[in-house]
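First the structure, in the form of structure tokens, and then the observations on it.
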Amino acid sequence: MLEDLPEGKPLEMAIHPKRARVLPAAVVKNPSYVECGASSGASTPNTTPPVNRDRHWSKIRSPLLDDEKSALFNYGSEEESGEEEEGVTQSVMVARVARMFVDEADEEVENGCININLEWPPRPSVCDPTPPSPSPPSQLPASPSPASPTPNLEVSMEPSEKFKFDWRAFSMPQINPHLRREPFSQNVGPAVSFTNPYEAFTAIWDREIIEVIVRETNIYAQQLTTIMLANGTICPNSRITRWQDTNVNEVYTYFAIVLAMGVVVKSRLEEYWNTSKDIFRTPGFSTEMTIDRYQLLSKCLHFNNNSNCHPKLLTRPQAKLYKIQPILVHLNTKFSRLYNLSQNVALDESLTMWKGWLDINQFIRNKAATVGIKTYELCESQTGYLWRFEVHAGHDTSGVQEDDPVSGIVPALVLKLLNGLEHRGHTIWMDNFYNSPALARELKVRGFDCVGTLRTNRQFVPSELASITKKDMTVGQVFGCTSGDVDLMLWRDKNLVAFVSTYHGLATTRCGDTLKPTVVQDYNICMGGVDRKDQQLAMYPIERKRTRVWYKKFFRKLLNVSVLNSYILLNKNRTLTHRKFRKALVTDLLAAHKPPAPKAPIPAAVHCPAQYDFIKPGKPDRLKRQCAVCKKRTVTYCKVCNVPMCVFTCYEPYHTRLK
């Protein structure tokens, strides 16, 4: 092994202590990186002379000297010393000791757990480049008990040194990574209790926002009619000529019909109003609203007054989202106030399919709808509750500062989505589009934990770690380093995957027959919050109905999301399925906002002629009046109209004129 190398020659390679594998020279030259967790795989050819393995492992199995123990516990905390003890370098001695711990734990690893009683050195400050002096083994603090409260490991630092990373090796693989996690004690779940689907839905879509929609829809209908009259595009049979101002009850009914279309899925709009006596009949839609009125409401549905839009006073993203901005502000406010997030929160993108021309269209390769309207969403990992979102409409680069690593577009977006959750102990799970060591440090300072994949070309990633390639590692190997509160790891699976975490370290978990880093398993479980939301909404595609206006389709997507959120608000104990919730919501909306039944018409009186009474009883002369048509005196009149008229000549002309 390494102790058998000829003296006086530079150390260009190190041998893996478990499988005799050559490690990258970049890792060996920098003593602040450590390798652990290698699994079975093809070994790289080795050019070192053969050694007696029994003699070698007998040396490692021998009791540790006090100096070796001290060097083990302080490995990675001090700069490398050029001194050697009995011809063996310090790095080789550490490899021996680490191998001893691995061999002693092999039997327990096979049973699915690792119980190694380790004592940890005092945690150095990430801002202090000088590591603390080594402590004698007898004075090392005991490992914290699981039952005792975890101390706050946040390191105080000056703003000028916040992004000064002192990368070093892990002192030992961490057995319980949650000891470094931010404490979380917030009440989780709905902020208000609800008794039925209607209450949960109207808590989001309350009467205030519905009145805004009603007002803007009526204004837009008048504006549209005026424009069509000025352009000469209106016809006598145009649907807009039959427009009547809408009201709150009708908008709620319109919402109910739109949601019902997600439960009863048909390919064409006209099929919902099919009243023929066949298997495709759905008479309920025509009972609640005519198809002409539904199409007219869909055409005139509006959320912001066009007359108040002044592009010169708005930024480019604000101008693009102006027509739907009141809905975005309202839903973001309601979503965040009505629900308290659990500890694990996922931040990812979502896409609303839109294949028409739109200058804010985005392309995402790993999404089902590859082209559409992209939103950045913050969702609860367990339920998929959408807590806050931002629509991608271009980025504002006015606040970017070259000397501030977190003032960039992506870090500013992340901090904006997390605004209001500081110092509550949430763990943010992100992919490599967002993650960086600087952002992880900033989130840690603000009371968050940050975990996710990482691009190794990010700022502050050490060059030694970034230079490692897929060929330098075998399947199952892990390389890692830490700066105290931010950990970086490289893991070789089928491909090379990099992770950043603020608490995982090099802890491992058994998955079947193999050991994997704990961060990998936790990432696969907690990262899917946004995808979990999209999967639940895919069963009720109310936004897939064809429309030529992008913001109306996006409004339907938001309406669909609000139904899912209201379902999570009500169904905390999972007593109601998602489909039953939607059906009950549609029924409650129609019942609560059904228009009053029209009054029964008064039956029309039957017009018939009659004669006036006698002037005197017993006398043949009757009372006479002047005819209303011919002005002659007559004894007949209409009983309903009480107007004198001649029966044979004037009666019919008079009533025809009245019609």
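Worth a mention:
- Across region 378-396, the qualifying residues are those that are of a type in the set (D, E, K, R) and in contact with an Asp or Glu (Cβ under 9 Å, 6 or more places away or on another chain), and the one among them that is surrounded by the fewest Cβ atoms within 10 Å (Cβ to Cβ) is Glu390.
- Options Thr474, Thr547, Thr456; residue that is closer than 30 Å to Ala256 by Cα, in contact (Cβ under 8 Å) with a residue 12 or more places away in the chain, assigned to a loop (DSSP other than H, G, I, E, B) and among the hydroxyl-bearing types (Ser, Thr, Tyr): Thr547
- Conditions (1) touching a residue at least 60 places away in the same chain (Cβ under 8 Å); (2) within 15 Å of the chain's Cα centre (by Cα); number of the one not met by Leu415: (1)
- Near pairs, Cβ below 8 angstrom, 6+ apart or cross-chain, from region 280-306 (of a type in the set (Phe, Trp, Tyr)) to any residue that is open to solvent by 50 Å² or more (accessible area, probe 1.4 Å): Phe280/Glu271; Phe303/Lys323; Phe303/Gln325
Let's see how each residue does on (1) over 23 Å from the mean Cα position of the chain (by Cα); (2) among the hydrophobic types (A, V, I, L, M, F, W, C):
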position: Glu390; (1), (2): no, no
position: Gln401; (1), (2): yes, no
position: Ser407; (1), (2): no, no
position: Val410; (1), (2): no, yes
position: His426; (1), (2): no, no
position: Pro437; (1), (2): no, no
position: Lys444; (1), (2): no, no
position: Gly447; (1), (2): no, no
position: Leu465; (1), (2): yes, yes
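- Residue match in region 337-351 (condition: touching a residue at least 40 places away in the same chain (Cβ under 8 Å), outside any strand (DSSP E or B) and of a type in the set (A, V, I, L, M, F, W, C)): yes
For (1) part of a helix (DSSP H, G or I); (2) in contact with a helix residue (DSSP H, G or I) (Cβ under 6 Å, 6 or more places away or on another chain); (3) open to solvent by 100 Å² or more (accessible area, probe 1.4 Å); (4) at pLDDT 90 or above, each residue gets a yes or a no:
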{"site": "Asp588", "(1), (2), (3), (4)": "yes, yes, no, yes"}
{"site": "Lys594", "(1), (2), (3), (4)": "no, no, yes, no"}
{"site": "Ala605", "(1), (2), (3), (4)": "no, no, no, no"}
{"site": "Lys616", "(1), (2), (3), (4)": "no, no, yes, no"}
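- Among residues of region 171-215, those that are out of contact with any Gly (no Cβ under 6 Å at 6 or more places or on another chain), surrounded by 13 or more Cβ atoms within 10 Å (Cβ to Cβ) and of a type in the set (D, E, K, R), counted: 5
- Sole residue being open to solvent by 20 Å² or more (accessible area, probe 1.4 Å) and of a type outside the set (Gly, Ala, Ser), chosen from Thr370, Thr375: Thr370
- The condition (being over 26 Å from the mean Cα position of the chain (by Cα) and farther than 20 Å from Val251 by Cα) is satisfied by just one residue among Ala538, Ala591, Ala610: Ala610.
- Residue within region 434-452 that is over 18 Å from Phe165 (Cα atoms) and either of a type in the set (S, T, N, Q) or modelled with pLDDT under 90 (or both) present: no
- The set of residues from region 215-229 being of a type in the set (A, V, I, L, M) and touching a helix residue (DSSP H, G or I) at 6+ places or on another chain (Cβ under 6 Å) comprises just one member, Ala221.
- Here region 231-254 is the region considered, the condition is being in a helix (DSSP H, G or I) and at pLDDT below 95, and the residue that is farthest from the chain's Cα centre (by Cα) is Asn231.
- If the condition is being more than 35 Å from the chain's Cα centre (by Cα) and either in a loop (DSSP other than H, G, I, E, B) or among the basic types (Lys, Arg) (or both), then region 255-281 contributes Asn274, Thr275, Ser276, Lys277, Asp278, Ile279, Phe280, Arg281.
- Residue match in region 463-479 (condition: buried (at least 16 other Cβ atoms within 10 Å of the Cβ), touching a Phe, Trp or Tyr at 6+ places or on another chain (Cβ under 8 Å) and closer than 25 Å to Gln343 by Cα): no
- Within the span defined as region 306-321, one or more residues are within 26 Å of the chain's Cα centre (by Cα), surrounded by 14 or more Cβ atoms within 10 Å (Cβ to Cβ) and closer than 21 Å to Glu543 by Cα.
- Residue under evaluation Ile327, criteria (1) in a helix (DSSP H, G or I); (2) open to solvent by 30 Å² or more (accessible area, probe 1.4 Å), criterion not met: (2)
- Scanning region 500-544 for residues that are of a type in the set (Ser, Thr, Tyr) and either open to solvent by less than 10 Å² (accessible area, probe 1.4 Å) or in a loop (DSSP other than H, G, I, E, B) (or both) gives Ser501, Thr502, Tyr503, Tyr540.
The values are calculated or read from the model by the stated rules, or taken from the named source; none is laboratory data. Predicted model, so just to flag it, every value in this text is computed and none were measured. Cβ atoms come from the backbone with ideal geometry, glycine included; neighbour counts cover every protein chain shown. Note: areas computed on protein heavy atoms with side chains; ligands, DNA, RNA excluded. Shrake-Rupley method; radii C 1.70, N 1.55, O 1.52, S 1.80 Å.
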